[in-house]
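Read the structure below first, then the notes.
Derivation of every value follows stated rules applied to the coordinates shown; laboratory data play no part. These numbers were taken from a predicted model, which means no experiment stands behind them. So basically every Cβ, Gly included, is an ideal-geometry build from the backbone, and we count neighbours across all protein chains shown.
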Amino acid sequence: MAKGSFGVSFDKENDLMSLFMEGKKAKFSFDLNFPKGDVVVDFGFQGEIVGIEFFNASSYFPLLKKVKSDVKLKGKFSVQYSKEWAQVSLEVFAPGMEKSVVENFNLPYSKEIILRN
C-alpha cells in the first residue's frame, strides 16, 4: 500500500481538483473518460501512482460546491495494488467543511506495462 505526504489543489472556477504526492515526479499520465468527467492518473518512475486530477470535480465530490475559492484544501490518498487493478482511497477536507469527502476508485493497472513506457 502506497502512502505519503500529499498536496491538494482545487480550481473552483474550472472545477478541477488535483491530489499529488509531494516530492514525486510523474513519468507519464493516463486519461480515463468517465461519465462524471475525465480523471487523469499520474504514474511515477517506479510505476506507482503519484497523482490524480479530477475534471468536473464537483460531480465526484459534491461538497466541493460549498467550498470557497480561497480555502486551502487538504487531502490524502492511499493505493493498494493488485496485478490488474489499483484501488485508490481518497479523503479531502477543508476548514469549514462539515465532514471530509471520502471516495474509493478502482483503476486499471499494470506495473509491467507502466515501466515499459
| said: I'd like to verify a number: residues in region 73-83 that are closer than 13 Å to Met17 by Cα and not in a strand (DSSP E or B), how many? | reply: 1
| request: Scan region 89-107 for residues that are without any contact (Cβ under 8 Å) to a residue 60 or more places away in the chain, over 15 Å from Ser9 (Cα atoms) and part of a strand (DSSP E or B) and jot them down. | output: Ser89, Val102, Glu103, Asn104, Asn106
| note | Being aromatic (Phe, Trp, Tyr), touching a helix residue (DSSP H, G or I) at 6+ places or on another chain (Cβ under 9 Å) and not in a strand (DSSP E or B) narrows Phe30, Phe10, Phe54, Phe34 down to just Phe34
| remark: When Lys36 is run through (1) closer than 20 Å to Ser89 by Cβ; (2) charged (D, E, K, R); (3) surrounded by 15 or more Cβ atoms within 10 Å (Cβ to Cβ); (4) touching a Ser or Thr at 6+ places or on another chain (Cβ under 6 Å), the failure sits at (3)
| Selection status of Ala86, part of a loop (DSSP other than H, G, I, E, B), in contact with a strand residue (DSSP E or B) (Cβ under 7 Å, 6 or more places away or on another chain) and not charged (D, E, K, R) | no
| Limited to region 84-117, what total is found for residues that are within 12 Å of Lys74 (Cβ to Cβ) and acidic (Asp, Glu)? | 1
